[in-house]
Every structure is written in C-alpha cells, then in structure tokens.
C-alpha cells in the first residue's frame, strides 16, 4: 500500500485527529514562541483542509467512505455494529468543506486581528477544538459520537464568545449560549437514549434500518420531536433564535465566522436525522415535518429581517441577517419535503423535480450563507480593529481610509441580498422557483425579505463607509495584510461561485442533495456494499 | 405499571430540571436546574442497560457466568457525566464573571437586546 | 481563601497520601475492577482540592503553577492520542488495541476470565494517560476558580 | 402570573405529559427488548480486549473514540476556564 492510499484510507480519522493533536500541542508550542504558535495553527488547519479535499475528490468519484475505529476486521458482526464508525458521504463532505474553509479563514484572520490580546494560547487551542468538533459532527456516523462532538463545539464556542471577559455583554452572551446549547444537547442525548433503548444500536445506519423494520412506534415519534426541537434550537431557528445575535454579535469576528459553521453543523444534524435516520419511515410524517420546517423557516426569516432593521450595532445587525439567512435554508428543505408529501404517492423525492430543486437550493444556500455572512462579519471585525467602535451611529466616512474593506463590504452586501452575479442570487433563485410551486406567497415573502436585507445593508454601507469623513477617524488606516487576505479569500470564492454557479451545483451540491434525500447509499455498507 | 417506575423517576427529574430553568430567576439555581436535568438523562441511560437479576459486567474468573447488565449504557453515562462536569465548570466561571460585572445573580441583570 | 486551623491542616496532610494512593490504585486497576482513569483521576484531584482547602490557595499557588498543570494535562492528552496514533501505525486502525494478544507489556490474554494486571493491551496505558489528564485538568479548574474568587474577597 | 410564566407553565405541562407517556410506552424495566450489540460485547470482551471489566473495554476499546472526545471535552473545559480567568492586560 503506498502512502497516498494509506492516507486516503485513514483520512476520515486523520481529519479529526490532526486538529485535535494540534489543539493538544498548542499550549506546549506557545511556551516556545508566540509567532510560531500562530503559524502552527494555520499549518494544522491547512493540513486538515488538504485531507478534507482529498476525501472530497475520492467521495465524489467513488461514493461514501467508511472508517471503523479500533479494528480492521469486518464492521458488521452479527448484523449489528459494535464499534464507532465514521461514514462520510457527499453531504457530510459538502458540509466539511464549508467548515474547513471557514476555519482556515478564521485562523488566518486571527493572526493580526487578535494580536494585542492576552490568553492567545487558549484562544488558538479552543479555535482548533471548535474546528475538530464541527468536523466531527459532520463526519460521524454514530449517534453518541455526534453528541460528544456537539458538546465539544458548544463548550469551545461558548468560551470563545465570552473571550473579551471585560465586556459584560460578551460574558452574558456566552452564558446564554452555553445554557441553550446544554439544554439542546441534553435533549439530543435523551432522544439518542430512547432510540438506543429500543434498538440497542447507536450507529445511524443501523438505527435507520431497525426503524424501517419496526415501523414508527410512539417512542420513535417522541425521539424525533426531541431531535427536531433541540437541533432547531441549536441551529438558531425561530422561536429559539434569541441567543444567536447575542453570541454572533459579542464574539470576536473570527469566532463569529466559525460560529456560522457550528450553527450549520447543528442544522446538518437535523437534516441528517430527519432524512437519513428516519429516512425509512419519513413518508408517514413528511407533510407535518415539511410544513413545520417551512413555517419555522418563514418565521425565522421574517424575525431576522425585521429585527435587523432596528439594530444600531454593526455586528448584532449582521447577526440578525444571519438569522434571516438560516430561515431560507429551513424554508427550502421543508418545501422539498412538503412537495413530495403532497404529490402522488408514486413520486419520490428523487423523481419530483421541484422537490429536488428546493433541496439543492437549500443546500447551495448553506454554503452561500456561510460565505456571505462570514465576509460581512470579517468586515465588521476589520472596522472594529481599525476604529474600536461597532455602533452604527458613531461610525462614518471610513471609505476614504479603508478602500479594500469597503470593496469587500460591497461584495458581501450584494451577495447576501441575492443580486446577480453573486452566489446568493444563484441559490435564492432556486429557492424562489421551487417555493413558488408550493405556494406563491412563500416565494413572495422570501423575495421581500431579500429586498429588505438589501435595503438594510445599503443603509449600513451609507452610515459606516460613505458620508462625510469624521474628524476622529482621520488617522484610521487600512487593516493589516493578513486580514485583507482572509477577506479576499472569501470574496474570491463568492465571485467564483457567482460566475459559475452551475459548475458548483452539478459537481458539489447535487451529489450532496442526492445523498440527503436518498438514504439507501448511506445504508449500503450494512449489507456489505463498497 | 410498577416496572416503569424508574422511567417515571427519570421523567420527574427532567421535569424538575425544566421547572427550575423556566421559573427560577437566580443564575446559580438555573445551573442547578441544568445539573438536575443532566442527572435525569444519565439515570435514563443507566436504566436502559439493566437486566433483571444481573450483575455488573466484570468477569471475576468464576466458572458460572451470571447474567450481566449491559456495559454500553454505563460507558455512555460515564462520558455523559464527564461532559456534565466540563459544562458545569464553564457555566460557573461565566456566572462568576457575570457577578463581577453586575454584583448580582438575578436573571434580569442580563442585558436584553436594547443598548 | 486562607488556610484553615492546624487541626484541619494535619488531618488533610494525613488524608492526602491515602486518597492519592487509593486514586492511583483505581487508575491502575481500571481494566480489572470498577473504576478507571476518569474515576481515579477525580479521586486524586479531590485529594489535591482537599489540600487546597485546608492550606489555602496562596500556599498551593506557591507550590504549583496553573500553567504547569496545563502542560501536564496536555501531556496526558498527547499520550492518549499518541496511543491512538500508534494503533493506526501498528494495528491498522485508529484506536486499535495493538498490544493485546502479544508477548509485549500488558499483552497477555486472560485464561477463563482470570485477568491480571498484565493484561488488557493498551487499556491500562490509556487509563494512565487519561488519569494524568484528569488529575491535572480537574485540579487546574479548582485552582483557577479558587484563585479567581479569592481575589474577589480581598 | 405574567404572560411569560403562563407560557412557561403550558410548555412544562406539555413536556411533562409527553415524558410520562413515553415512560409508559418504554419496554418494561429490566427487560431490554434488543440485545445484539451488548450481548456481543459481554461475550467477547475478555477474548478481544484482555480486560475483566466490560465497561473499561467499552470505554477504551470498543468506543475508544468517544473517550477521546470525552477527554477532549474536559481539556476544552480546562482551557476555557483558564482562558476566562486570564489576566487581560499584558
């Protein structure tokens, strides 16, 4: 076995193990050199990114990969699964790509952004742990393992939200976040225990199979309700979105960026459980689950946009923008489910064209939301770095001194409000077209929210960057190059996605959507596939 | 159903935990509520692995192998307890910080949306 | 936190070694009897916390620094993940128990359930790594929080 | 009782009813319905892992990766607590 094959075989484990190793090493390296530690963190995330892309090329070519921890022997013993197993399909790797891009940009951005703070060894440790937890949630095929990684992500991100402990609001946001996350995680654990008690299995594929055999008992329904409630809460869907603008707004900008990834990992968990674990029985409750998701999405979208209008803090405003964007994803995926459930029983998710389109649009929007909102957060962080101010009422006229930052903000604002030729347009168009099939009102509301978002961010552009130069900001200078580089990476991806959306949709998003709606590929290894 | 009393205990613990979280205004009491909730879930995990008349899954070298309770729920509970400790430590240190800022543990001191 | 009276200090001094030995016993016999790295580590850490309560945090602070504990914890974690990596290199999968059923340390397989201290493969080693990590980690948490709340009172 | 308390009480009642119901629908205490995974572990733990203690063999061998996660959670908590109580000025 040559070295590339070996690396590929072990890639799912190494993707988790390497950032973990990096996190454990960071305190030791921090003793030796401060600068070395920053570069070490960048290198570790870079290596992880290489593994993720290596896996992506393999999975998109040859189908899902599995990895059994602790044994090379057969994974299926007495038709049950004893050991922990990672199962990486196109959807997992799609999410992992988003996560690793966000993490890489965050760690590059931190290099200059966090420079003047103390406690940076712990900051980098927690940043790497958050990356680990996020990737673990996305790659794992084991329920309890999912819970463990959920907790790693929650604890690391709650601590990082409260990083600036001298600000009372930051500490409060961190406390709210950890309380909400813990309650959510405990309900997830309770639901896992309910399923375990019935089927004596923790593997997702195994539970899916057992569910298909046993039908859909009352306990399964309770577990499903708990899963949806807890993960929607962790994913920031209304009415439990309250923690999200607080946490996003108070965290350092690089952490706000990573929090997007953490939130989306929870949404991924929601989709994974609804579609894959309950995939065998999903046709029974599809209408209600679909409509619940649609309604949650709609409410989330409206609350996000309306609350964004009245905000006077730059980062909180973007936080509510992020809430609105989350609504689009839930709306799209819910629409997909509902269309199928409404249609003829012979039509499945794969054969209903608009359902497929809705889910593709929703998933494409996941990556676009991460990039667009992420870029806006980075710009807000850059403004804070240069002026030490986040209040919209006090900022103004920054465009003269911060040309590049202004350009990045304009790119972000056009992308987030779904204007062509940026990436937000591509995914929102798919969402509008498909929701129109379900109910025209839905797409009208969605379009209206987009327009409102555009108006809100143009107002921000005006009050922060344009207008007369304020005397107190005359000495403001452009942010350091590494921060500009981080923003440029995201802006570059946004432009590429906007110019060639079809390439991305065909090669990356559609395989992910197929993997989501069709769980037979996920269950294949139980019967000795690949 | 007498056999379901352990499950009802679990439900009771979870309800007490939720009640504390929803109705108590003191941050420390909220943390205690989460801990009670956690105990409820841990107890549930443990009850799942018990078989009537079973012993702990530890082999002692005796020839006759008695019925053993399931080892996996116990391992899961162990993990869950350690996670609980970690979360508790973080929550308490955040509460200490909040107390430093406001000089109070009342939940209304947590600033809302407004500036 | 200031130290307590001489009686408390003396009792703590007597109790501490006993608690530590008991905790280390639980760690070392993790694969044979109830217990393991986490439980034993928690016992030893509680013994250390007893010392901190009896003698006061400033006394403990003069003996051990928080960043040394951090370092120790990192070492424990590295030992644990290192064993997992060794499993990848020698056993073919991350976390495989490569020592079991070999003639090496801890390699023996117990005959009809009569396991001994030399069995278990990597399990005892992992117990030790986790034990070290938990001792350092829990004591670091207790110490840091005690020092932080201590400053409040002054 | 203000509005929030009424909402909270309603929510609590709903959750309580659901939990009690699910308690009644669970399999009887002490008689798990399915045993595929755990019986395998009980049967094979001595031979495969060389340990007497079934729980340790699950914690460190069969589900060793979970334990790595668990150790990581503790590590995260320590890092968080130390970070939160750091000195802010250099």
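The values are calculated or read from the model by the stated rules, or taken from the named source; none is laboratory data. Just so you know, these numbers come straight off a predicted model, no measurement behind them. Because the Cβ atoms are built from the backbone with ideal geometry, glycine has one as well, and the counts that use them run over all protein chains shown.
Considering only segment A:429-445, state which residues are in contact with a helix residue (DSSP H, G or I) (Cβ under 6 Å, 6 or more places away or on another chain) and at pLDDT 85 or above.
A:430, A:431, A:432, A:434, A:435, A:436, A:442, A:443
Please specify each residue of segment D:5-39 satisfying the condition of being in a loop (DSSP other than H, G, I, E, B), more than 7 Å from chain B (Cβ to nearest Cβ) and surrounded by 15 or more Cβ atoms within 10 Å (Cβ to Cβ). Don't jump to the end; show me each part of the working.
Restricting attention to segment D:5-39, the residues satisfying the condition of being in a loop (DSSP other than H, G, I, E, B) are D:26-35.
Still in the running and more than 7 Å from chain B (Cβ to nearest Cβ): D:27, D:33-35.
Scanning segment D:5-39 gives D:27, D:34.
In segment B:35-59, which residues are at the interface with another protein chain (Cβ under 7 Å from one of its Cβ atoms) and more than 25 Å from residue D:19 (Cα to Cα)?
Hits for segment B:35-59 are B:56, B:57, B:58, B:59.
Just to check your reading of the model, which residue among C:139, C:128, C:106 is more than 11 Å from chain A (Cβ to nearest Cβ), on the phi > 0 side of the Ramachandran plot and either surrounded by fewer than 23 Cβ atoms within 10 Å (Cβ to Cβ) or part of a helix (DSSP H, G or I) (or both)? Break it down stepwise before answering.
Numbers: C:139 fails: on the phi > 0 side of the Ramachandran plot; C:128 fails: on the phi > 0 side of the Ramachandran plot.
Result of the check over C:139, C:128, C:106: C:106.
Counting just the residues of segment A:275-334 that are part of a loop (DSSP other than H, G, I, E, B) and modelled with pLDDT of 85 or more, which one comes out farthest from the other protein chains (Cβ to nearest Cβ)? Spell out the reasoning first.
Of the residues in segment A:275-334, the ones part of a loop (DSSP other than H, G, I, E, B) are A:278-285, A:310-312.
With modelled with pLDDT of 85 or more added as a condition, the list becomes A:278, A:310-312.
Working: A:278: 17, A:310: 9, A:311: 8, A:312: 6 Å.
Looking at the filtered set, the residue picked out is A:278.
Within the group C:94, C:85, which residue is within 14 Å of chain A (Cβ to nearest Cβ) and in a loop (DSSP other than H, G, I, E, B)?
Working: C:85 fails: in a loop (DSSP other than H, G, I, E, B).
So the residue among C:94, C:85 that is within 14 Å of chain A (Cβ to nearest Cβ) and in a loop (DSSP other than H, G, I, E, B) is C:94.
Give the residues of segment B:36-62 that are under 15 Å from residue B:78 (Cα atoms) and assigned to a helix (DSSP H, G or I), sorted by residue number. Give the derivation first.
At the first step, the residues of segment B:36-62 found to be under 15 Å from residue B:78 (Cα atoms) are B:38-49, B:56-57.
Of everything in segment B:36-62, those that are under 15 Å from residue B:78 (Cα atoms) and assigned to a helix (DSSP H, G or I) turn out to be B:38, B:39, B:40, B:41, B:42, B:43, B:44, B:45, B:46, B:47, B:48.
Can you go through C:41, C:47 and tell me which one is assigned to a helix (DSSP H, G or I), more than 14 Å from chain D (Cβ to nearest Cβ) and under 12 Å from the mean Cα position of the chain (by Cα)?
Values: C:41 fails: more than 14 Å from chain D (Cβ to nearest Cβ).
From the options C:41, C:47, the qualifying one is C:47.
Of the residues that sit in segment D:40-52 and are facing chain B (nearest Cβ under 8 Å) and assigned to a helix (DSSP H, G or I), which one is farthest from residue B:15 (Cα to Cα)?
Taking segment D:40-52 and keeping what is facing chain B (nearest Cβ under 8 Å), we get D:41-42, D:45-46, D:52.
Add one more test, that the residue is assigned to a helix (DSSP H, G or I), and what stays is D:41-42, D:45-46.
On the way: D:41: 34, D:42: 34, D:45: 37, D:46: 40 Å.
Selected residue: D:46.
If residue A:395 passes every condition in (1) in a helix (DSSP H, G or I); (2) modelled with pLDDT under 90; (3) touching a helix residue (DSSP H, G or I) at 6+ places or on another chain (Cβ under 6 Å) but one, which one does it miss?
(1)
So how many residues does segment B:25-34 have that are at the interface with chain A (Cβ under 10 Å from one of its Cβ atoms) and more than 16 Å from residue A:176 (Cβ to Cβ)? Lay out the reasoning, then the answer.
Residues of segment B:25-34 at the interface with chain A (Cβ under 10 Å from one of its Cβ atoms): B:27, B:30-31, B:33-34.
This time we only want the ones that are more than 16 Å from residue A:176 (Cβ to Cβ), so: none.
Residues in segment B:25-34 being at the interface with chain A (Cβ under 10 Å from one of its Cβ atoms) and more than 16 Å from residue A:176 (Cβ to Cβ): 0 in total.
Does residue A:203 satisfy the condition of being buried (at least 24 other Cβ atoms within 10 Å of the Cβ), touching a residue at least 24 places away in the same chain (Cβ under 8 Å), within 30 Å of residue D:32 (Cα to Cα) and in contact with a strand residue (DSSP E or B) (Cβ under 7 Å, 6 or more places away or on another chain)?
Details: buried (at least 24 other Cβ atoms within 10 Å of the Cβ): yes; touching a residue at least 24 places away in the same chain (Cβ under 8 Å): yes; within 30 Å of residue D:32 (Cα to Cα): yes; in contact with a strand residue (DSSP E or B) (Cβ under 7 Å, 6 or more places away or on another chain): yes.
Answer is yes for this residue.
Residue A:15 versus (1) within 23 Å of residue C:88 (Cα to Cα); (2) surrounded by fewer than 20 Cβ atoms within 10 Å (Cβ to Cβ); (3) within 13 Å of chain C (Cβ to nearest Cβ): which is the lone unmet condition?
(2)
Please give the number of the condition residue A:157 fails out of (1) assigned to a helix (DSSP H, G or I); (2) farther than 15 Å from residue A:260 by Cα; (3) out of contact with any strand residue (DSSP E or B) (no Cβ under 6 Å at 6 or more places or on another chain).
The number of the failed condition is (2).
How about segment C:59-82: which of its residues are within 28 Å of residue A:8 (Cβ to Cβ) and facing chain A (nearest Cβ under 8 Å)? Show your work before the answer.
Applying the first criterion (within 28 Å of residue A:8 (Cβ to Cβ)) to segment C:59-82 yields C:77-82.
Selection gives C:77, C:78, C:81.
Let me spell it out: the conditions are (1) in contact with a helix residue (DSSP H, G or I) (Cβ under 7 Å, 6 or more places away or on another chain); (2) within 17 Å of residue A:27 (Cα to Cα), and residue C:49 meets all of them except one. Which number is the exception?
Result: residue C:49 fails condition (2) only.
I'd like to know if segment A:122-132 contains one or more residues that are touching a strand residue (DSSP E or B) at 6+ places or on another chain (Cβ under 6 Å) and within 14 Å of chain D (Cβ to nearest Cβ).
Our first condition is that a residue be touching a strand residue (DSSP E or B) at 6+ places or on another chain (Cβ under 6 Å); within segment A:122-132, this holds for none.
The answer is no, given that none of the residues of segment A:122-132 is touching a strand residue (DSSP E or B) at 6+ places or on another chain (Cβ under 6 Å) and within 14 Å of chain D (Cβ to nearest Cβ).
Would you mind stating whether residue C:55 is farther than 30 Å from residue C:122 by Cβ and in contact (Cβ under 8 Å) with a residue 24 or more places away in the chain?
Numbers: farther than 30 Å from residue C:122 by Cβ: yes; in contact (Cβ under 8 Å) with a residue 24 or more places away in the chain: yes.
Yes; evaluated as a whole, the condition is true for this residue.
For residue C:40, which of the numbered conditions (1) touching a helix residue (DSSP H, G or I) at 6+ places or on another chain (Cβ under 6 Å); (2) surrounded by 15 or more Cβ atoms within 10 Å (Cβ to Cβ); (3) free of Cβ contacts under 8 Å to residues at least 60 places away in the same chain; (4) over 18 Å from residue C:145 (Cβ atoms) fails to hold?
All conditions are met except number (3).
Need the failing condition index for residue A:40 against (1) more than 13 Å from chain D (Cβ to nearest Cβ); (2) under 28 Å from residue A:273 (Cβ atoms), just the number.
Here residue A:40 clears every test but (2).
I'd like to check something: does segment A:462-470 contain any residue that is closer than 14 Å to residue A:314 by Cβ, in contact (Cβ under 8 Å) with a residue 24 or more places away in the chain and touching a helix residue (DSSP H, G or I) at 6+ places or on another chain (Cβ under 7 Å)? Steps first, please.
Here is the first cut: in segment A:462-470, the ones closer than 14 Å to residue A:314 by Cβ are A:462-465.
With the extra rule that they be in contact (Cβ under 8 Å) with a residue 24 or more places away in the chain, the set shrinks to A:463-465.
When the remaining residues are screened for being touching a helix residue (DSSP H, G or I) at 6+ places or on another chain (Cβ under 7 Å), the result is A:464-465.
Checked against the condition, which is being closer than 14 Å to residue A:314 by Cβ, in contact (Cβ under 8 Å) with a residue 24 or more places away in the chain and touching a helix residue (DSSP H, G or I) at 6+ places or on another chain (Cβ under 7 Å), segment A:462-470 yields at least one hit.
Looking at segment A:398-423, which of its residues are at pLDDT below 85, buried (at least 16 other Cβ atoms within 10 Å of the Cβ) and not in a loop (DSSP other than H, G, I, E, B)?
A:398, A:399
For segment A:137-177, which positions are within 18 Å of the chain's Cα centre (by Cα) and within 7 Å of another protein chain (Cβ to nearest Cβ)?
The answer is A:148, A:149, A:151, A:152, A:155, A:156, A:158.
Mind telling me which of the residues B:80, B:69, B:93, B:54 ends up being in contact with a strand residue (DSSP E or B) (Cβ under 8 Å, 6 or more places away or on another chain) and at pLDDT 85 or above? It would help to see each step written out before you state the result.
Working: B:80 fails: in contact with a strand residue (DSSP E or B) (Cβ under 8 Å, 6 or more places away or on another chain); B:93 fails: in contact with a strand residue (DSSP E or B) (Cβ under 8 Å, 6 or more places away or on another chain); B:54 fails: at pLDDT 85 or above.
Being in contact with a strand residue (DSSP E or B) (Cβ under 8 Å, 6 or more places away or on another chain) and at pLDDT 85 or above holds for just one of B:80, B:69, B:93, B:54, which is B:69.
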